[in-house]
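Visitor: The structure's right below; bear with me while I get my questions together.
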Amino acid sequence: MDTNRFTTESVTKLFFRYLIPSILGTMVTSIYVLADTIIIGKGIGMDAMAALNIVLPLFNVFFGNGLLFGVGGSVLMSIARGRGDSKAGECYFTTAFLLNVITCVLYTLLLWIFMEPVAKLLGATEVTMPYVLEYIPYVIAGLSAFAFSTFLQTFVRNDGAPKLSMIAVISGGVLNVFLDILFVYPLHMGMAGASIASVIGSGCTVCILLFHFCSKSNGLRFSLQGFSFAYIRRIFANGFTSFLVEITSGIVMFVFNLQLIQQAGDVGVTMYGVICNTVIVVTCLCNGINQAAQPIISTNHGAGCFERIAKVRSLGLKAAFLVCSIPAVLGLLMPNLFTYIFIHPNEEILALSPTAIRTYFVGFFVMGINMFIIGYFQSTVKPGYSLLLCLLRGCILSILFVSLLAPLFGLTGIWASMPLAEFVTLFIAIYLLRKTTKEEHL
């Protein structure tokens with residue numbers, strides 16, 4: 001694959017050429033969860049939706065595993081190509097692929113053996129446990145499909161085929177929605193049907209992405225020539241932030257679910273399910289912007305073209321703010337809109353909805369900026385900075401604030417925790433970004 005265009009073509013044209021397919025691809029990825037949520041919430045009931053929200057952290061683990069090795073390996077592959085070392089790029093791809101296979105096998109075995117204890121750990125109650133145990137077996141059996149869909153998307157996109165990546169994800173997402181409706185409504189397969197539909201949809205995405213290896217433009221080749229254990233360490237170090245972005249989302253969801261069960265019971269978890277699914281959409285938008293910028297930034301970083309990197313950074317920050325402001329404004333003006341999308345709300349839910357959504361959605365104004373800066377540091381091989389920011393916004397500050405504010409302000413404190421974490425992270429991110437920008441000009 002010719003990487004010269006990353007370092008010679010117009011930065012603006014390159015960015016927008018990758019932006020639309022990347023955003024469409026990551027948006028459709030969210031359909032795997034959103035379709036389940038809407039159809040389960042409206043077709044089975046609110047208790048079933050609460051059960052789904054309890055299972056969602058597992059999706060974070062599976063998608064995160066694919067991103068750990070996909071982003072970790074593809075960034076290093078792009079940098080190696082930018083330096084003209086294609087053999088090292090092939091070795092990074094092969095190593096990342098093998099690591100993804102090994103970890104998927106381990107996850108499958110462990111989760112299958114400890115299925116019910118894991119369900120209890122995630123917060124399943126007597127009401128939600130039957131729904132969880134009906135849904136979770138198929139997700140565990142198909143976890144490799146989820147992990148490899150994100151893994152292959154990243155490498156195929158970095159190999160210069162963003163449109164194929166987009167087609168693969170859209171095809172899988174459309175199939176998932178169709179099967180969701182078919183299995184839950186006419187066939188009455190319940191939670192099991194929704195779960196099976198997600199696995200089949202993701203499997204379809206993987207199958208389409210594999211066609212890239214048969215194309216003339218394919219530059220992804222298996223080779224361990226020159227391999228050393230340093231490759232594994234570098235992939236883990238650089239991809240760990242992407243993994244952590246997904247995992248910390250699951251951890252925060254888990255902690256918030258426990259706090260909400262104490263404050264409002266399963267009704268609170270259902271309301272949080274509405275918020276979480278909207279967050280998934282916004283996160284996918286942010287990931288799309290990051291994935292559009294990443295191959296351009298990484299290749300130019302390898303080639304030492306810092307002015308081009310600065311242009312991509314500026315475009316990415318503006319795009320992140322504008323895209324994430326749309327759901328933020330909609331949430332402030334029409335909070336119940338999001339509630340009605342996912343469920344048929346009762347009076348208890350409608351009483352919670354306006355305050356919950358308006359408070360939580362304020363954080364969207366800066367969420368995209370934070371996520372882009374995290375991705376930027378990852379693309380320029382500054383894993384320490386990206387890891388710090390990821391831990392702050394996704395785990396440390398959010399859990400700290402929810403632990404402190406929930407006892408003092410109840411549900412309002414829980415909803416305010418995430419926006420506070422985002423704004424505090426923003427100040428630190430701006431400081432680190434200015435620091436690295438000055439270093440580039442020395």
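Visitor: If the requirement is being under 18 Å from the mean Cα position of the chain (by Cα) and open to solvent by 10 Å² or more (accessible area, probe 1.4 Å), which of these qualifies: 228, 202, 249? It would help to see each step written out before you state the result.
Guide: Working: 228 fails: under 18 Å from the mean Cα position of the chain (by Cα); 202 fails: open to solvent by 10 Å² or more (accessible area, probe 1.4 Å).
Result: 249 is the single residue among 228, 202, 249 that is under 18 Å from the mean Cα position of the chain (by Cα) and open to solvent by 10 Å² or more (accessible area, probe 1.4 Å).
Visitor: Next up: Select from segment 360-384 the residues that are of a type in the set (Phe, Trp, Tyr) and out of contact with any Lys or Arg (no Cβ under 9 Å at 6 or more places or on another chain) and write down the one among them that is most open to solvent (accessible area, probe 1.4 Å).
Guide: First pass over segment 360-384, keeping only residues of a type in the set (Phe, Trp, Tyr): 360-361, 364-365, 372, 376-377.
Now drop any that are not out of contact with any Lys or Arg (no Cβ under 9 Å at 6 or more places or on another chain), which leaves 360-361, 364-365, 377.
Numbers: 360: 17, 361: 1, 364: 3, 365: 55, 377: 0 Å².
Only one residue fits best here, namely 365.
Visitor: Would you check which residues across segment 291-309 are open to solvent by 30 Å² or more (accessible area, probe 1.4 Å) and assigned to a helix (DSSP H, G or I) and list them? Quick ask: steps written out before the conclusion?
Guide: Kept after step one, since they are open to solvent by 30 Å² or more (accessible area, probe 1.4 Å), are these residues of segment 291-309: 291, 301, 303-308.
Within segment 291-309, 291, 301, 303, 306, 307, 308 meet the criteria.
Visitor: For residue 91, only one of the following conditions fails: (1) at pLDDT 90 or above; (2) of a type outside the set (Lys, Arg); (3) surrounded by 15 or more Cβ atoms within 10 Å (Cβ to Cβ); (4) more than 30 Å from residue 225 (Cα to Cα). What is its number?
Guide: (4)
Visitor: If you don't mind, another one. Look at residue 141 and say whether it is small (Gly, Ala, Ser), crowded, with 23+ Cβ neighbours inside 10 Å and more than 20 Å from residue 156 (Cα to Cα).
Guide: Working: small (Gly, Ala, Ser): yes; crowded, with 23+ Cβ neighbours inside 10 Å: no; more than 20 Å from residue 156 (Cα to Cα): yes.
Here the answer is no, as residue 141 does not meet what is asked.
Visitor: Identify the single condition in (1) over 24 Å from residue 386 (Cβ atoms); (2) among the aliphatic types (A, V, I, L, M); (3) open to solvent by 10 Å² or more (accessible area, probe 1.4 Å) that residue 357 does not satisfy, given that it satisfies every other one.
Guide: Single failed check for residue 357: (3).
Per-residue answers, yes or no, for (1) open to solvent by 10 Å² or more (accessible area, probe 1.4 Å); (2) closer than 16 Å to residue 192 by Cβ:
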position	(1), (2)
111	yes, no
118	yes, no
121	yes, no
127	yes, no
130	yes, yes
147	no, no
150	yes, no
154	no, no
160	yes, no
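Visitor: Let me ask something additional. In contact with a Leu (Cβ under 6 Å, 6 or more places away or on another chain) and in contact (Cβ under 8 Å) with a residue 12 or more places away in the chain: is that true of residue 44 in this structure? Before the answer, list the steps.
Guide: Values: in contact with a Leu (Cβ under 6 Å, 6 or more places away or on another chain): no; in contact (Cβ under 8 Å) with a residue 12 or more places away in the chain: yes.
When the stated conditions are applied, residue 44 does not pass them.
Visitor: Any residue at all in segment 264-285 that is over 24 Å from residue 36 (Cβ atoms) and part of a helix (DSSP H, G or I)? Break it down stepwise before answering.
Guide: Looking only at segment 264-285, we keep the residues that are over 24 Å from residue 36 (Cβ atoms), and these are none.
No: segment 264-285 contains no residue that is over 24 Å from residue 36 (Cβ atoms) and part of a helix (DSSP H, G or I).
Visitor: Can you tell which of 230, 237 is more than 30 Å from residue 406 (Cβ to Cβ), without any contact (Cβ under 8 Å) to a residue 60 or more places away in the chain and of a type in the set (Gly, Ala, Ser)?
Guide: Numbers: 237 fails: without any contact (Cβ under 8 Å) to a residue 60 or more places away in the chain.
Matching residue, one of 230, 237: 230.
Visitor: Ok, one more. Among the residues of segment 191-209, is there at least one that is farther than 19 Å from residue 147 by Cα, modelled with pLDDT of 90 or more and either out of contact with any Leu (no Cβ under 9 Å at 6 or more places or on another chain) or acidic (Asp, Glu) (or both)?
Guide: Let us first name the residues in segment 191-209 that are farther than 19 Å from residue 147 by Cα, namely 191-193.
Those left that are additionally modelled with pLDDT of 90 or more: 191-193.
With either out of contact with any Leu (no Cβ under 9 Å at 6 or more places or on another chain) or acidic (Asp, Glu) (or both) added as a condition, the list becomes 192.
Within segment 191-209 (the criterion being farther than 19 Å from residue 147 by Cα, modelled with pLDDT of 90 or more and either out of contact with any Leu (no Cβ under 9 Å at 6 or more places or on another chain) or acidic (Asp, Glu) (or both)), the answer is yes, since at least one residue qualifies.
The values are calculated or read from the model by the stated rules, or taken from the named source; none is laboratory data. What you see is a predicted model, and the numbers here were worked out from it, not measured in a lab. Glycine gets a Cβ as well: all are built from the backbone with ideal geometry, and neighbour counts include every protein chain shown. All accessible areas refer to the heavy atoms of the entire protein, side chains included, with ligands and DNA or RNA removed. Shrake-Rupley method; radii C 1.70, N 1.55, O 1.52, S 1.80 Å.
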